[in-house]
């Protein structure tokens, strides 16, 4: 748990980087410091482990005044990852990962085991990579090692300064997903700095939006998107905030039962009749055991053909954990406006349609405060 | 392999020429320098270089390191400026000035060489420490390394190859400068060269010049090996990767 009380930072040249910041990050919470550059988000984060000494106020880490602790001891108990990674080029991957355990004088065996464990956790083959040097890794792999290193001695708190900043968008999104999975397992208290609103919405349990050293709004992503506190927040999250809100919902939250499922052996004409009576354009074909095979239109159904021959195989399918924004773009990309939701065993468990998403958006819009609109008057 | 071959050939050539000239016995009315005297002059030469170099390392590395610290940053432009400009002063002029200030002899020569050898060491230590990526230092500090640990575990190992390259440069230059120091009565191989020039007997000049060259080559190779040996493996891997990318 991290608590900031009236924290302020004034540099010797008189610039006030942070003004009277009071907030609390609860145990196991993923808190994102968000804001334009120069808003004081990085300064705020670095004051937590005393890399930047604070001018006024108090910071409590697990209830203890951080200033009163031995600085190096405090930092060894807090994981630290930065945008430029800063891997030690003269140390192997294992030595890099176990930097803090080395400082804490862990025995050799234990360190080796920990390095293997963490490499597996961040999705890298420990046998292949453990004795390599940072220069032998790709940018994405280096970022992974940076994350593994900040978890080195299993600290309860992590400070991360745009840890996925310096990599290409595809790798970044992959690393974000993986890190969320890791966080679901390890449940650390995290202070995470970014200027990317999408990253903040995707990663954060709470978002602290800052501007010119002041905390503007501190809320969970849904509240931030749904009821922005003022004009600045509204502008910062952008005009598409309703669309961004889709990211907060997952397919499994809103998916519906498929309207009609058809088994392989059924009679085509009977299926056609059923579809016509229910005014359905599409139905879904599944095998015994519920494995999804593809889509059927009533126009394609013909007496002389077996159902198997007329299916349209799915171009894309989604998992129950797919965020709605991704699901929406998948739907836009596929020929059929309906998306099948499959579980890990390829079993169909539901569908998403434009209608469902429109309903969700409508709900969010009504939660939103109505804005006066001049054209209507 | 090729470079070692070249090295061996050069060394053998210089030593061979020295032995040949020594075997002449006498040229006209002049006797050439006896073998024992060449050996003792070489030892003396090495001694001057070693003492000056050791002092330069002891003084140069701390000065170079301290100029990178925040507390001393106000003097570092001056220091580095002096180190750069100082190296442009020709060795002969440098030795002359020292002799004028401190008089002739061994001590003056060692002091002159020491000052001259300190410059590249200061400069390279400064450049080496400054070349360490600030992100690497920030990460080290953020994970709880003390100032001393950041220096001893991160900065110095990463700067080491550059510092040793500075020592290597200054040693090789010093072997030559020590020969010039023969002019102010410091002894060593320079004294033999001076004698030869004074009586205009070229074999005697070569008796001093060829061992000086051989010494410079040998020390350069030795310190090159040390540089290779003391470069952390990770840095070698990094350089190789950069080479392949080009």
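Between Rg and the Kirkwood Rh of segment A:252-361, both from Cα atoms, what is the Rg to Rh ratio?
On the way: Rg = 13.8 Å, Rh = 14.3 Å.
My calculation of the ratio gives 0.97.
Between Rg and the Kirkwood Rh of segment A:193-272, both from Cα atoms, what is the Rg to Rh ratio?
Numbers: Rg = 20.5 Å, Rh = 15.4 Å.
Across segment A:193-272, the Cα-based Rg/Rh ratio is 1.34.
Post the alpha-carbon centroid distance, segment A:31-46 to segment B:51-118, in whole angstrom. Comparing the Cα centres of segment A:31-46 and segment B:51-118, I get a distance of 47 Å. Counting only DSSP H runs of at least 4 residues, each contributing -39500 (n - 2.57), and dividing by the residue count of the protein assembly as shown, the helix-based mean residue ellipticity at 222 nm comes to -16500 deg cm²/dmol.
Averaging sequence separations of C-alpha pairs under 8 Å and six or more residues apart, then dividing by the length of segment B:2-245, give the relative contact order as a whole percent. Can you show the working numbers first?
Working: 296 pairs, mean separation 67.6, N = 244.
Worked out over segment B:2-245, it gives 28 percent.
Against chain B, whose longest principal axis is taken from its Cα atoms, helix B:233-245 shows a tilt of about 90°. Put simply, segment B:93-206 fits an ellipsoid with semi-axes of 43, 14, 9 Å; these come from the alpha carbon gyration tensor as the roots of five times its eigenvalues, largest first.
How large, in Å, is segment B:1-82 by the Kirkwood hydrodynamic radius built from its alpha-carbon pairs?
Values: mean 1/r = 0.0584 Å⁻¹.
Computed over segment B:1-82, the radius equals 17.1 Å.
Rounded if a/c is under 1.5, else prolate if a/b is larger than b/c, else oblate: which is segment A:1-90, with a ≥ b ≥ c the root eigenvalues of its Cα gyration tensor? It would help to have the intermediate numbers written out before the result.
Numbers: a/c = 1.36, a/b = 1.11, b/c = 1.22.
Rounded is the answer for segment A:1-90, as its axis ratio a/c remains below 1.5.
An ellipsoid equivalent to segment B:1-137, defined through the eigenvalues of its Cα gyration tensor, has semi-axes of 39, 22, 12 Å when rounded to whole angstrom and sorted largest first. Mind checking the log10 I(q)/I(0) for segment B:140-246 at q = 0.12, 0.18, 0.23, 0.24 Å⁻¹? Debye, one equal scatterer per Cα, no solvent, two decimals. Normalising to I(0) and taking log10 leaves -0.62, -0.90, -1.14, -1.18. The eigenvalues of the Cα gyration tensor, multiplied by 5 and square-rooted, give chain B an equivalent ellipsoid with semi-axes of 40, 23, 12 Å from largest to smallest. The calculated FRET efficiency for residue B:135 paired with residue A:239, based on their beta-carbon distance and R0 = 35 Å, is about 0.50.
Of all beta bridges DSSP finds with both residues in chain A, what is the antiparallel percent, to the nearest 5? Numbers along the way, then the final one.
Working: 32 of 55 bridges.
So the antiparallel bridges amount to about 60 percent of the total.
Packing here is the average count of other Cβ atoms within 10 Å per residue, and on that basis the peptides A:13-26, B:160-173, highest first, run B:160-173, A:13-26.
Just counting partner chain Cβ atoms within 10 Å, what average do the residues of peptide B:228-237 show around their Cβ?
Average neighbour count from other chains, rounded to a whole number: 4.
Antiparallel beta bridges, as assigned by DSSP with both residues in segment A:252-361, represent about 75 percent of the total such bridges. With a Förster radius of 41 Å applied to the beta-carbon distance between residue A:71 and residue A:181, the computed FRET efficiency rounds to 0.80.
Please work out the Kirkwood hydrodynamic radius for segment A:116-266, using every pair of different C-alpha atoms, and report it in angstroms with one decimal place.
Working: mean 1/r = 0.0555 Å⁻¹.
Computed over segment A:116-266, the radius equals 18.0 Å.
Across segment A:76-149 the C-alpha pair distances fall into 5 Å bins from zero in the proportions 3, 18, 32, 28, 15, 4, 0 percent. To the nearest ten degrees, helix B:189-199 and the longest principal axis of the Cα atoms of chain B are 40 degrees apart.
Would you mind checking the tilt of helix A:354-367 against the longest principal axis of the Cα atoms of chain A, expressed as 0 to 90 degrees and rounded to 10? Roughly 50 degrees, rounded to the nearest 10. Remark: relative contact order (chain A) = 15 percent; criterion is Cα-Cα distance under 8 angstrom and separation of 6 or more residues.
One-quarter of the Cα convex hull surface for chain A, in nm²? Provide the component values of the computation, followed by the final result.
On the way: hull surface 101.2 nm².
Directional mean of the projected Cα hull area for chain A stands at 25.3 nm².
Every number here is computed from the coordinates shown, using simple stated rules; none is lab data. Computed from a predicted structure; not experimentally measured. Neighbour counts are summed over all protein chains in view; Cβ atoms, including those assigned to glycine, are modelled from backbone coordinates with ideal geometry.
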